[in-house]
Structures are given as C-alpha cells and as structure tokens.
Amino acid sequence: MKFFKFFLIVIILFPLSIVNAEDNDKRNKITKNLRCLICQGQSVYDSDSEFANSLKIVVDKKLKEGLTEDQIYEYFKTKYGEWILYDPGLNKNTYILWLLPILIFLIGGAIIYKSFIVKK
Amino acid sequence: MKNKILPFSVIIIFGIIFFIFYKSLQDSKIYIPDVNAKKEIPVFNTKEFFSGENVKSSSIFELDKVYLLNIWSSWCVPCRQEHPLLMKLNLENKVNIIGINYKDSLKNAENFLNELGNPYKEIFTDLDGTIAIEWGAYGVPESFLIYNNKIIKKYIGPLNQELVDEINLLIK
C-alpha cells in the first residue's frame, strides 16, 4: 500500500515538474535574447533592475497565455523596437549584417578557387 | 588580365568593408527611443489607486480629449522635481492628467500626494511594473501625451519647463 501511495505521488508530481522546467527553460531562453534597455550591455536575464524584473513577469504572463517565442519577441518589438532583441531579424536595416559574411565568404572562396585550384 | 582581377577585387572588398565600418563608427551607439511614433494606446487591466476597484483601460480615455499619462512613484527622486510642474499644468485645466503609480506602497504614495499635492484626475496602480511595459516605458518618471486614443508624444525622464511649454503648444 505504501509503495502504491509513493507511486501515485511520483506519478502526480513528475509530469508537473517537467512542465515547469520546460516553462523555465523557455523563459530563460527568451529573457537571454532580450536586451535590458536601461542597463549597459546586459540581457534581461542577467539584470536585476526594476525594468528587467517587470519584463520577466511579462514574459511569464505571455507564456502562460500560450504565446509562442516568436510572438513574444514580436510583442516586445512593437513596444520597444528592434533594438530590444539581441538576435535581430533580417530586414532593410540589418541585411548588410546578415549578407556581408556570406558575400565575403563567397568572394574569398572564388579568389582561392581561381588562384590555387584553376592554376593547377 | 587574370593577374589584375585578384588585387582589384581585394581592394574593392576592403574598400566596401572600410566604408561600412567608417559609416557605422559615425552613428551614435547610444540607444535613442522613438518618442514621436504615433502608436495606439495599449489595452490593460488595472486597479483604481484609492478604491482598489478593477478598471479596464478602455474606460479611462475618452475621444476628443487630451490626456497626459504620467508614470510616477513616491521613491523616485526626479518625480518630486517634476511634480510642481504637473500641479501647474493641472491648474491650467487644458489637459487631463492621469497617474500610474509604479511599484509603490499605497501608504508612501499617499504621503507623497499629501505632501506635494495631487495633480491627477485619476490614479491607477501598477504594482509589478507590467502596465508600464505595456506602455513601452523604461522606468519612472515617464509621460505620454494622448489624444484620440493615440500617443502623440512620449517624454522619458522628468518634465521641465521647456517640455511643459512644448506640451502647451501641442495641445493648443
């Protein structure tokens, strides 16, 4: 009987803790990608300022409301602009940032190909 | 001809990189929030400061009236500085001043108002700071000029005489 009780308790508690852990992971991931706008070079996750603490509560609320990660980013973007995201999306202001490494890689590759492989 | 392509393309690439870095060096790295963006006011639920009654944001702001929403707190020193200006604005009666009491205790906030006066037509509480986030605020004090459910202008930090003159000009 004791074993059965124990078993029941484990069954009841176990899935809940998994859900909780998942929520925490998601919340940490999101807050790490949000910039604390009033701090110097800190993410919301790292900061303990009033602003960052409120932001963490809002992220929790939005997760509970069932919003996805991208929807939460979009929500903060409409409130504070692109700057709040550490991982900016591809748009007309950031395309150089995204395309320049690829461009340099391609041109460099072409130079190496021409000067070394074609010569042989 | 083949030999010329290589140095030529290297120079062009370095030229482009130099141009990009040179240009971005000139840009200010200090983040400046967009204070002129005309955004719709957010939807939120709050509590009335004195009675503690639940209030929906849609019932606060009426069309065709100018509002100044001021986020304040008794522990915020710059709020003390701007308070006389808010009192003066209230006396002129051109704008309805709405207060959002940010992360404050009721007792301290009441003492603050008893000491310096109450310029607010209505005050609502924001205990955990989430309503300020809904407004896109950074901290206290912060003020929003609102007309027809749209934010006309956002003032980050304490108001001063210059900004009050600007508000008077805008609401004329």
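No value in this document is a laboratory result; all are computed from the given coordinates. These figures come from a predicted structure and were not determined experimentally. No Cβ is skipped: glycine too gets one built from the backbone with ideal geometry, and neighbour counts run over all protein chains shown.
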statement: Helix B:106-116: inclination vs chain B longest Cα principal axis, degrees, rounded to 10, gives 80 degrees
task: Could you work out, for the range A:39-120, what percent of all Cα-Cα pairs fall into each 10 Å distance bin, beginning at 0 Å and stopping at the bin that holds the largest distance?
output: 15, 31, 22, 14, 11, 7, 1
query: Which three semi-axes in whole Å describe the equivalent ellipsoid of the range B:104-172, each the square root of 5 times a Cα gyration tensor eigenvalue, listed largest first?
result: 23, 17, 11
- request: For chain B, just the Cα atoms, rotate onto the principal axes and tell me the three extents in Å, largest first.
  value: 84, 35, 31
message: Can you compute the charge dipole magnitude of chain B about its Cα centre, using +1 on each Lys and Arg Cβ and -1 on each Asp and Glu Cβ, nothing else charged? Give it in debye, rounded to the nearest 20.
response: 960 debye
Average beta carbon contacts from partner chains per residue of A:75-82, 10 Å cutoff: 3
task: With everything on Cα atoms, drop me the angle between helix A:2-32 and the longest principal axis of chain A, reported from 0 to 90° to the nearest 10.
output: 30 degrees
- request: Summarise the partner chain shielding of A:42-51 as one whole number: the mean count of Cβ atoms from other chains within 10 Å of each residue's Cβ.
  value: 2
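Could you calculate, for the range A:2-88, the ratio of the Cα radius of gyration to the Kirkwood radius, expressed as Rg to Rh?
Checking Rg against Rh, the ratio lands at 1.17.
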query: Using r as the Cβ-Cβ distance of residue B:37 and residue B:11, and R0 as 51 Å, what FRET efficiency do you calculate, to the nearest 0.05?
result: 0.75
task: With viscosity set to 1.306 mPa s and temperature to 10 °C, compute the Stokes-Einstein D of the protein assembly as shown, Rh being the Kirkwood radius across alpha carbon pairs; µm²/s, no decimals.
output: 69 µm²/s
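Report the local net charge at residue B:82: Lys and Arg +1, Asp and Glu -1, summed over other residues whose C-beta lies under 15 Å from its C-beta.
For residues surrounding residue B:82, the net value is -2.
Please give the calculated 222 nm ellipticity per residue for chain A, where each DSSP H segment of at least 4 residues contributes -39500 (n - 2.57) and the sum is spread over every residue; nearest 500 deg cm²/dmol?
So the helix-based figure for chain A works out to -21500 deg cm²/dmol.
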query: Excluding same-chain residues fewer than 8 positions from residue B:88, which aspartates and glutamates have a Cα within less than 15 Å of its Cα?
result: B:162, B:165, B:166
message: Given the -39500 (n - 2.57) contribution per DSSP H run of 4+ residues, what per-residue ellipticity at 222 nm results for chain B, rounded to the nearest 500 deg cm²/dmol?
response: -12500 deg cm²/dmol
